[in-house]
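Enquirer: Let me begin by handing over the structure; questions about it come next.
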Amino acid sequence: MQITINKNLAILISLIFLFSAMYFLYWKGETDLKRASEKFTVLAFENASLDCNKNSLKFFIENNLPREKEYEILILINQEKVASHSNFKIPARTTRFIELESVLLDKICQEQANFKFEAEVKNKEIKENIYKFIN
Amino acid sequence: MILIGLLVKLTQPKVDLELKSFLKIFVNKKTITTGIVVIIWFILLRLPSYLNLSAIETAVGSPSKSTRIGLTVNNLISSTGPWRFFYSIIGILFLLFITWFILKKNKKIKFNYQIKKTSPIEILVATSITLGWFLMIFLMSNQPGLLKIDIISGRIANYLTYPAAVLAGFGVFAIIQPFLIKIKNQALILIVFSLIFIPGVISGLSDLSESYLEKREKFDKTVETFRASEYLYQTVPEKDKILKDHIYLTGDTWIKNFLMRGYEEPLSRSLMKRYDPINNRETCTRDMVAIPESEIAEKCFAETEVRFIILRNGYDTKKFEESANFSKIFHTREVIIFEKNHANNYK
């Protein structure tokens, strides 16, 4: 039996094959990245400044998980609790910024020249903290 | 080049007559203009980093480390890709074979491979440039001692991919072309092409997957390293120096994608054997991580102006956590970033 294929069709088949392979590679990489990103939470300050001001003490929790998570947040100055949030809910794949209330921030900045500002975040799965030595 | 030259001598005694056409390939308006532009670029705009004296001194000499003594042929096959390497060898054989037959004025070969250009000089130049490119990089990565090259062999081997790809093209052409000439059934041609091409694609994809994705856990950790690097890229001014840990951080080399702000940046705490006194290298990158509270490290922080340190969570992080000289500004389950307090005072 003689099989004949049009030349353009042959090129088309080859291109489809090539692009299918490339698209598979792209899809696999994207899926793997997405899956890997969904496994961790980030706790970090918004900026690296060590001055006592609103932006310097602002931090964020990045919930990369594919579901809403509930966190307990403790804010400590020189290891003494000054504020807390319990049942702080962050929806799936969302970042929430947290900052001190202005009154409390002003009080802290005025009263203390050097201090350790610490944010502790925990739930059943994680217990993470970040801190800055403000001066 | 020498081999090709000998071929010419053997087969073309009157080659001197073609010297003019040979010279024309290299000395013409286009090459002279390009050469002048390149020289002006180097002098007036920027000299490539690999041409400065310190880079040349570092790269020339007998191999000084185990990573610079050359890769085995098996290593080279694996880094170039088995499929590409196989067809590049066929490409080399084909080019030598075709050069020989063209010089011998074999009409059948010319017809089979549809070679219309018959100037032996042009064929020789095309062949020798491609082969010379491949063979030179092959020797540089396989036998660096012979050429007095003191660069990491694995790094040179990466560049073998390019001439190998060109030669593999010749290799595939060598196999397919006789079918194209003799067989009119396009389906059969497509099948032959697929038989060559599909293993190449599969081989390439499996190489990629084996290089990283095979270990799910490792990949997951690398993504956290990516996130930490992205954080520093977005948060930290360009002037601030960063130190990363190569020993424990997963996928730390990728940090350069985000934070390569200079040739040697970010600084890296390397494997301990690299700090062996015999290597006569700096030890600050080691001391700033291992003994951050010491006087030595303090001097190093002042010298290097390092402000941020990226470490793997739980690995050499305790001393930083116990110190009042470092703030912890970023935390995931795998990666922690510390900031040196008062780092700006050094500047």
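The values are calculated or read from the model by the stated rules, or taken from the named source; none is laboratory data. Model, not experiment: these values are computed from the prediction. Ideal geometry is used to build each Cβ from the backbone, glycine not excepted, and the neighbour counts take in all protein chains shown. Note: areas computed on protein heavy atoms with side chains; ligands, DNA, RNA excluded. Shrake-Rupley method; radii C 1.70, N 1.55, O 1.52, S 1.80 Å.
Enquirer: If amide H atoms are built 1.01 Å from N in the plane of the peptide, which residues on other chains or at least 5 residues away come under 5 Å of the amide H of A:VAL82?
Expert: The list, which skips near neighbours in sequence, is A:ILE75, A:LEU76, A:ILE77.
Enquirer: Using 0.36 nm times the number of residues separating B:TYR162 and B:SER64, minus their current alpha carbon distance, what extension gain do you get? If you can, show how the numbers build up before the last one.
Expert: Numbers: separation 98, 0.36 × 98 = 35.28 nm, distance 2.67 nm.
Once the chain is fully extended between B:TYR162 and B:SER64, it gains 32.6 nm.
Enquirer: How much length is gained if the chain between B:ILE115 and B:VAL37 is pulled fully straight, taking 0.36 nm per residue apart and subtracting their Cα-Cα distance, in nm to one decimal? Numbers along the way, then the final one.
Expert: Details: separation 78, 0.36 × 78 = 28.08 nm, distance 3.40 nm.
Residue separation times 0.36 nm, minus the Cα-Cα distance, leaves 24.7 nm.
Enquirer: Treating the angle as unsigned and between 0 and 90°, give the value, to the nearest 10°, between the Cα long axis of helix A:102-111 and the longest Cα principal axis of chain A.
Expert: The angle comes out near 60 degrees.
Enquirer: How many nm separate the modelled label positions at A:ARG35 and B:ILE89, each set 7 Å beyond the Cα in the direction of the Cβ?
Expert: With each label placed 7 Å out from Cα toward Cβ, I get 3.6 nm.
Enquirer: With point charges of +1 on the Cβ of Lys and Arg and -1 on the Cβ of Asp and Glu, referenced to the Cα centre of the protein assembly as shown, which listed residue (B:ILE196, B:ILE137, A:SER84) lies farthest in the positive direction of the dipole?
Expert: B:ILE196
Enquirer: With a 1.4 Å probe on protein heavy atoms only, work out how much accessible surface A and B bury together, total over both chains, in Å² to the nearest 100. Before the final figure, lay out each step's value.
Expert: Working: alone 9630 and 21410 Å², together 27920 Å².
Accessible area lost upon association: around 3100 Å².
Enquirer: Please sort by residue number the chymotrypsin sites (Phe, Trp or Tyr not before Pro) in segment B:59-161 whose DSSP state is loop and whose Cβ has at most 15 other Cβ atoms within 10 Å. Numbers along the way, then the final one.
Expert: On the way: sites: B:TRP83, B:PHE85, B:PHE86, B:TYR87, B:PHE94, B:PHE97, B:TRP100, B:PHE101, B:PHE111, B:TYR113, B:TRP133, B:PHE134, B:PHE138, B:TYR159; in loops: B:TYR113, B:TYR159.
Of the chymotrypsin sites (Phe, Trp or Tyr not before Pro), the ones in loops of segment B:59-161 whose Cβ has at most 15 other Cβ atoms within 10 Å are B:TYR159.
Enquirer: Between A:LEU9 and B:ASN28, take the C-beta separation as r, use R0 = 45 Å, and let me know the FRET efficiency to the nearest 0.05.
Expert: Values: r = 43 Å, r/R0 = 0.95.
So the FRET efficiency works out to roughly 0.55.
Enquirer: Additional query: Leaving out ligands, DNA and RNA, what percent of the accessible area of segment B:26-141 is carbon and sulfur, probe 1.4 Å? Mind dumping the intermediate values first?
Expert: Working: 5300 of 7480 Å².
Carbon and sulfur atoms account for 71 percent of the accessible area of segment B:26-141.
Enquirer: About the Cα centre of chain A, how large is the charge dipole given +1 on each Lys and Arg Cβ and -1 on each Asp and Glu Cβ? Please answer in debye to the nearest 20. Don't skip to the answer; put the middle values down first.
Expert: Numbers: 19 positive and 18 negative charges, 130 e Å.
That gives chain A a dipole magnitude of about 620 debye.
Enquirer: Let me confirm one metric for peptide B:173-186, namely the mean number of other chain beta-carbon atoms within 10 Å of its residues' beta-carbons. Please list the in-between numbers first.
Expert: Numbers: counts 0, 0, 0, 0, 0, 0, 0, 0, 0, 0, 0, 1, 4, 8.
So the per-residue partner count for this stretch is 1.
Enquirer: On the protein heavy atoms, probe 1.4 angstrom, tell me the percent of accessible surface of segment B:285-347 carried by carbon and sulfur.
Expert: Numbers: 1170 of 2540 Å².
Within segment B:285-347, the accessible surface is 46 percent carbon and sulfur.
Enquirer: What are the residues whose amide H is under 5 Å from the amide H of B:ILE149, where those residues sit 5 or more places off or on another chain and H is modelled from the backbone?
Expert: Residues meeting the criterion, in which the H sits 1.01 Å from N, are B:GLY61.
Enquirer: With bins 20 Å wide starting at 0, give me the P(r) of chain B over every alpha carbon pair, in whole percents.
Expert: Reading the bins upward from 0: 21, 44, 27, 8, 0.
Enquirer: Greater than 29 Å separation of Cα atoms is the criterion. Which listed pairs, A:LYS69/B:LYS244; B:LYS221/B:LYS340; A:LYS81/B:LYS244; A:LYS28/B:LYS221, meet it? Walk me through the numbers on the way to the answer.
Expert: Details: A:LYS69/B:LYS244 31 Å; B:LYS221/B:LYS340 25 Å; A:LYS81/B:LYS244 32 Å; A:LYS28/B:LYS221 17 Å.
Listed pairs above 29 Å: A:LYS69/B:LYS244; A:LYS81/B:LYS244.
Enquirer: For the peptides B:274-284, B:331-341, A:119-129, what is the packing order when you average, over each peptide's residues, the other Cβ atoms within 10 Å and list the highest mean first? It would help to have the intermediate numbers written out before the result.
Expert: Values: B:274-284: 12.4, B:331-341: 23.4, A:119-129: 15.6.
Ranked from most to least packed, the peptides come out as B:331-341, A:119-129, B:274-284.
Enquirer: With r defined as the distance between the Cβ atoms of B:LYS239 and A:ASN53 and R0 fixed at 22 Å, what FRET efficiency is calculated, to the nearest 0.05? Can you show the working numbers first?
Expert: On the way: r = 21 Å, r/R0 = 0.96.
Efficiency computed from Cβ-Cβ geometry: 0.55.
Enquirer: Rolling a 1.4 angstrom probe over the protein heavy atoms, how many square angstrom per residue are accessible across the protein assembly as shown? Could the numbers behind the result be given before it?
Expert: Numbers: 27920 Å² over 482 residues.
I get 58 Å² per residue for the protein assembly as shown.
Enquirer: Using modelled backbone amide H atoms (1.01 Å from N, in-plane), which distant-in-sequence or interchain residues come within less than 5 Å of B:GLY70's amide H?
Expert: Amide H neighbours of B:GLY70: B:SER153.
Enquirer: Whole-Hz Karplus ³J(HN,Hα) for segment B:37-47, in order, using 6.51 cos²θ - 1.76 cosθ + 1.60 and θ = phi - 60°, x for Gly and Pro?
Expert: 4, 4, 5, 4, 4, 5, 6, 8, 9, 7, 7
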